[in-house]
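Engineer: This is the structure I want to talk about, given as structure tokens.
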Amino acid sequence: MRIQILGCSGGIGAGSRTSAMLVDNDVLIDAGTGIGDLELEDIDSIRHVFLTHAHLDHVAGLPMLADRVFDENFKEPLNVYAREETLRALQDHLFNGVIWPDFSKLPSAHNPMLRYRVCSPGDTVTIGHRDFYAVDVMHTVPTLGYTVQNSGGAFAVSGDTKSNETLWPVLNACDDLRVLVIEVSFPDEMAQLAADSGHYCPSTLTKDLERLHHSPEIWLTGMKPGEEETILEQVTKAAPQKNIKMLSRGTVLTV
Ligand SMILES: [Zn+2]
């Protein structure tokens, strides 16, 4: 699998794009502002979108993506996989006919170009040679992390989360976990804000990393713009024995 990081920032600003990663050429995990840099032909090959949750930094690009599919390319629908609560939020607050057209009923209700697919914790969705497994994590709204497995190994994406009891057993059950993309949004000086907003900070993340039995590449994501270096320094200082790096836009991971 080829995993291209289109956006991994916790906010906007020159050069920063929010959460989106392209798996091979046809699947997105999250649809933040990072998808806006894709070439048109690359946008047109996307057929599946797995969302971690409904927060805007993870879905901001989805309305434009849907519009592109509708305008240029409607041969097959765009499948959007997410928790029921996330799909309902999209329907009620984005694709509601006010903010944006209801593409789940266009061009017709029986043949829409946007198809909502409920994906609940514990579900596996197989697309081609890849198994996407959804895992419950702990954020301020219902959120999923994903593990993605193929014959070459597995990678995992945490979604937005604070310390939780659900992700780590799933990661430990992944025998060939090669890559872990995990969020850490705020530095330790903002630990209370991190806790209140359902995010890791370096001290809570490194404590949970001690529970991981495997030694994957660990890539940090979701950092607030301007705080990246501080966060990386705090994480690597607290877990010097781990293979930890900072994700950046354009990084390509291979599993
Ligand atoms: Zn969030």
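Engineer: Quickly run through segment 35-56 and pick out the residues that are within 15 Å of the ligand (Cβ to nearest atom) and open to solvent by 50 Å² or more (accessible area, probe 1.4 Å).
Structural biologist: Across segment 35-56, the qualifying residues are HIS55, LEU56.
Engineer: Related question: Report, by residue number, each residue of segment 205-221 that is within 16 Å of the ligand (Cβ to nearest atom) and either assigned to a helix (DSSP H, G or I) or at pLDDT below 95 (or both). Full working, then the answer.
Structural biologist: Start the filter on segment 205-221 by keeping residues that are within 16 Å of the ligand (Cβ to nearest atom), which leaves 205, 220-221.
Correct list: LEU205 only.
Engineer: Sticking with this structure for a sec: Anything in segment 10-34 that is under 13 Å from the mean Cα position of the chain (by Cα), part of a loop (DSSP other than H, G, I, E, B) and within 13 Å of the ligand (Cβ to nearest atom)? List them, or say none.
Structural biologist: Passing the criteria: GLY10, SER19, ASP30, GLY32.
Engineer: A further question on this structure: Among the residues of segment 1-32, count how many are in contact with a Lys or Arg (Cβ under 9 Å, 6 or more places away or on another chain) and open to solvent by less than 50 Å² (accessible area, probe 1.4 Å). Talk me through it step by step, then tell me what you get.
Structural biologist: Residues of segment 1-32 that are in contact with a Lys or Arg (Cβ under 9 Å, 6 or more places away or on another chain), as a first pass: 1, 5-11, 15-17, 22-27, 32.
From what is left, the residues that are open to solvent by less than 50 Å² (accessible area, probe 1.4 Å) are 1, 5-11, 15-16, 22-24, 26-27, 32.
Of the residues in that region, 16 qualify.
Engineer: Mind counting the residues in segment 174-204 that are assigned to a loop (DSSP other than H, G, I, E, B), open to solvent by less than 10 Å² (accessible area, probe 1.4 Å) and more than 15 Å from LYS237 (Cβ to Cβ)? Can you show your working first?
Structural biologist: Of segment 174-204, the ones assigned to a loop (DSSP other than H, G, I, E, B) are 174-176, 184-187, 197-201.
When the remaining residues are screened for being open to solvent by less than 10 Å² (accessible area, probe 1.4 Å), the result is 184-185, 187, 198, 200-201.
If we keep only those that are more than 15 Å from LYS237 (Cβ to Cβ) as well, we get 185, 198, 200.
Residues flagged as assigned to a loop (DSSP other than H, G, I, E, B), open to solvent by less than 10 Å² (accessible area, probe 1.4 Å) and more than 15 Å from LYS237 (Cβ to Cβ) within segment 174-204 amount to 3.
Engineer: Are any of the residues in segment 239-247 within 16 Å of GLY11 (Cα to Cα) and open to solvent by less than 50 Å² (accessible area, probe 1.4 Å)? It would help to see each step written out before you state the result.
Structural biologist: Filtering segment 239-247 down to residues within 16 Å of GLY11 (Cα to Cα) leaves 246-247.
Applying the additional criterion that residues be open to solvent by less than 50 Å² (accessible area, probe 1.4 Å) yields 247.
Looking through segment 239-247, at least one residue is within 16 Å of GLY11 (Cα to Cα) and open to solvent by less than 50 Å² (accessible area, probe 1.4 Å).
Engineer: Just to be sure I understand the filter: pairs with C-beta atoms under 9 Å, separated by 6 or more residues or on different chains, first member in segment 48-61 and without any contact (Cβ under 8 Å) to a residue 40 or more places away in the chain and in a strand (DSSP E or B), second member more than 12 Å from the ligand (Cβ to nearest atom) and of a type in the set (Phe, Trp, Tyr). Which pairs pass?
Structural biologist: Matching pairs, first to second residue: VAL49/TYR81.
The values are calculated or read from the model by the stated rules, or taken from the named source; none is laboratory data. All figures in this text were calculated on a predicted structure; none of them were measured in a lab. Here the Cβ is made from the backbone with ideal geometry for all residues, glycine too, and neighbour counts use every protein chain on show. The area values use the complete protein model at the heavy-atom level, side chains included, leaving out ligands, DNA and RNA. Shrake-Rupley method; radii C 1.70, N 1.55, O 1.52, S 1.80 Å.
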